[in-house]
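The structure under discussion appears below in the form of structure tokens.
Bear in mind these aren't lab numbers, they're just calculated from the coordinates by the rules spelled out. This is a predicted model, so every value here is computed, not measured. When we count neighbours, we look across all protein chains shown, and the Cβ atoms used for this are built from the backbone with ideal geometry, even at glycine.
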């Protein structure tokens, strides 16, 4: 006799159902090794909805017709949102020393557009904003930054632009002083990005698996870091081609250090550095 799966555990059948759904919706593959991780993350959602266990929750999605209502929350549960200010700092050094000067020199331009794809809690977008705003002190140009992500939960945090003081560890001291506000209550451990940067940064929900992106096609720099590794090779190709179609000629695509292989996925990209490409 086969014993029933405890209510707190995710059965093989339910795991396969969720894994197949997530791969089809957002391109992320969930191998069997991720089962315990998924189980742990689902517990909070199961409790919030007052289900008796994970099994009842998953059955409610796939057998009771509630998947459409719950899909956004399920994606929020599954997606990984690791991020930091000045993560992989060499990219921002390159942006400041090479990319921006070259882009501004081209045809005497006075504006720049930067897109942080898979922006998570906004730290990447605001890092770019700090670097660009600092550069405007020596040059006259305008900039706009777009951050997109599939998770509504992290986008809400990005829009709020409130972070713990500990999160500022990688940020240069002069940038902390210039670009973050502290509460008058000195016991508060949170800071907020200054309004000047928030006005230059916009966030919206977007799925990289969509057949088209609601983004301008004259973007100068795209950051899409540490997300392509979760996709199958063919999905990587489609996403990269889509992203590059939104870059203006001479624009840059920056990927994560574990994703330097993309030049073999999409031939024709000019590799400037191991993780920096130009169209």
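Maximal additional length on extending the residue 64-residue 205 stretch stands at 48.1 nm, based on 0.36 nm per residue less the C-alpha distance. Considering only beta bridges that DSSP places wholly inside the chain, some 40 percent are antiparallel.
The length gained on full extension between residue 152 and residue 84, counted as 0.36 nm times the residue separation minus their Cα-Cα distance, comes to 22.6 nm.
Cβ crowding within 10 Å, taken as a proxy for footprinting-reagent exposure, orders 159, 113, 29, 177 from fewest neighbours to most as 177, 29, 159, 113. Relative to the longest principal axis of the Cα atoms of the chain, the long axis of helix 12-26 lies at roughly 30 degrees.
With the Kirkwood sum run over all distinct C-alpha pairs, segment 223-279 has a hydrodynamic radius of 11.0 Å.
Please find the FRET efficiency linking residue 261 to residue 47, where r is the Cβ-Cβ separation and R0 is fixed at 30 Å, and quote it to the nearest 0.05.
According to the calculation, E is roughly 0.15.
Computed from the Cβ-Cβ distance with R0 of 30 Å, the FRET efficiency linking residue 183 to residue 102 stands at 0.15. Size of segment 12-77 from its Cα atoms: along the principal axes, largest to smallest, the extents are 28, 23, 21 Å. Over all projection directions, the Cα-based convex hull of the chain averages an area of 17.5 nm².
In plain terms, the residue of 245, 212 with the fewest other Cβ atoms within 10 Å comes first and the most crowded comes last, giving 212, 245. Here the contact order of the chain, divided by its residue count and restricted to Cα pairs under 8 Å and six or more residues apart, works out to 16 percent. Here 87, 47 are placed in order of increasing Cβ neighbour count within 10 Å, fewest first, which gives 47, 87. What is the helix-to-structure angle for 67-78, meaning the angle in degrees between its Cα long axis and the longest Cα principal axis of the chain, kept from 0 to 90 and rounded to the nearest 10? Roughly 60 degrees between the two axes. Within segment 117-139, which residues have the backbone N less than 11 Å from the label spot 7 Å out from residue 173 along Cα→beta-carbon, could you tell me? No residue passes the distance filter. Work out the FRET efficiency for residue 159 and residue 270 from their Cβ-Cβ distance, taking R0 = 51 Å, and round it to the nearest 0.05. Calculated value: 0.90.
Note on the chain: helix-only mean residue ellipticity at 222 nm, from DSSP H runs of 4+ residues weighted -39500 (n - 2.57) and normalised by residue number, equals -11500 deg cm²/dmol.
The C-alpha atoms of the chain define a longest principal axis, and helix 123-135 lies at about 0 degrees to it.
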